[in-house]
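Some notes on the structure that comes next.
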Amino acid sequence: MNQLIEYNLREEQEKGTKFREVYQLQTHLVDEPGVDPLGNKNRRICRYCLRGADSTRFKDDAHVIPQAIGGQHILDLWECDDCNHRFSKYETALAAYAGALRSLTGTRGANGIPTYKNPADGTVIRSADNKIVVRAGSDESAYMTEDRSGIRLELPRESYVPLRAFKSIARIGYAMIREDEWGDFEETRKWLLQDGQREGRSISCILFWISVSTKTKFRREASLYTKKNRFAPDSYPYKVLVLRYGIMQYQLAIPYFADEVLLGASSTHLTMLPFPLLFETQPDGPVDIDSYVTGRDDLTSMDKKKGEIQRLSYDSDQPAARVDQPADLVVHNVDESNPE
Ligand SMILES: [Zn+2]
């Protein structure tokens, strides 16, 4: 599943021409104060276990964009407490997968901006006095670029289960699917409820990503795209989620669309179009993309990954300044990355 087409890749990523030809935007959510919740408080039903208020509870705040990557404001009224708790292990995996990036970009979780520590070499990334401070444990794991405008990091992630991290993001897309479409994604619903792959229906879970190593930071927003022609004779997935936060953009296919399951395509034939960068959805208008890095991570496995190295680069408005001890670098002010 999800082979990336290599034609005019850079141009496609910047303009997304082909993507726009094939897909239309279905739902666009921005994580900001006052945003409408998903679901309907007068008619409670859990979109995952399909139970109503007579047989389950809806007391907890269920965040559509996980708090682990800074989600705060978009609530799902159609996620019951049982399912919310069930998904917390997915969110734990996502937090580990996001790794040092959360600390570096000042992404607030349920308990504020997390501190990253690498016990192996003593690298610490933390927030202090509204600034992000990096203490490099060794020259190899963290260093500044020559002009002191950016920092490059190679740091291990905490152990995590890849498939759970993938589900934590795929769940966002499933939550954005309309009620009248649920029937087409029945297998997706079961896959989300079950901690593992579907027996006999295992799929490849590929997460495509772009990291913008510029001063730009994305709003937290999720966009669900649907193919304009459901029956087009091509191998593009029917629904695609694009998720942005911090300096990351993720893209993935929502798995188990009924037509694709029927055709057996979910195991073999799906092709992902290169990302559109879609910077025009940012409040300040299109962003000058001077440099970005793209990649794809295979998150199919339920086997725990240990000590996986995450490569991060971060460019700052001002040259990173050394403070206190020689090893401490102030990368940027937190308020710049997280206006609320
Ligand atoms: Zn439920």
- Search the stretch 26-58 for residues being surrounded by fewer than 17 Cβ atoms within 10 Å (Cβ to Cβ) and closer than 20 Å to GLY109 by Cα, and hand back the single one that is nearest to the ligand (Cβ to nearest atom). PRO37
- Which ones in the stretch 88-108 are farther than 20 Å from VAL212 by Cα, in contact (Cβ under 8 Å) with a residue 12 or more places away in the chain and over 15 Å from the mean Cα position of the chain (by Cα)? LYS89
- Query: Would you pick out the residues in the stretch 85-124 that are outside any helix (DSSP H, G or I) and farther than 20 Å from LYS306 by Cβ?
  - Reply: PHE87, THR105, GLY106, THR107, ARG108, GLY109, ALA110, ASN111, GLY112, ILE113, THR115, VAL124
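Can you confirm whether the stretch 186-203 contains a residue that is of a type in the set (Asp, Glu), over 28 Å from HIS73 (Cα atoms) and without any contact (Cβ under 8 Å) to a residue 24 or more places away in the chain? First the steps, then the outcome.
Narrowing the stretch 186-203 to residues of a type in the set (Asp, Glu): 186-187, 195, 199.
Still in the running and over 28 Å from HIS73 (Cα atoms): 187, 199.
Cutting the leftovers down to without any contact (Cβ under 8 Å) to a residue 24 or more places away in the chain gives us 199.
Yes, the stretch 186-203 contains at least one residue that is of a type in the set (Asp, Glu), over 28 Å from HIS73 (Cα atoms) and without any contact (Cβ under 8 Å) to a residue 24 or more places away in the chain.
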- Message: So, in the stretch 63-84, how many residues would count as being touching a Phe, Trp or Tyr at 6+ places or on another chain (Cβ under 9 Å), within 16 Å of the ligand (Cβ to nearest atom) and part of a loop (DSSP other than H, G, I, E, B)?
- Response: 4
- Task: Scan the stretch 47-62 for residues that are part of a loop (DSSP other than H, G, I, E, B), of a type outside the set (A, V, I, L, M) and farther than 21 Å from LYS239 by Cα and jot them down.
- Result: CYS49, ARG51, ASP54, SER55, THR56, ARG57, PHE58, LYS59, ASP60, ASP61
- Query: So TYR23 clears everything in (1) over 17 Å from ARG171 (Cβ atoms); (2) within 16 Å of the ligand (Cβ to nearest atom); (3) buried (at least 17 other Cβ atoms within 10 Å of the Cβ); (4) among the hydroxyl-bearing types (Ser, Thr, Tyr) except one condition, right? Which one?
  - Reply: (2)
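The numbers here are math on the coordinates, done by the rules we state, and not lab data. Just so it is clear, the structure is predicted and the values come from calculations on it, not from any experiment. Counting neighbours? That spans all protein chains shown, and the Cβs are built from the backbone with ideal geometry, glycine included.
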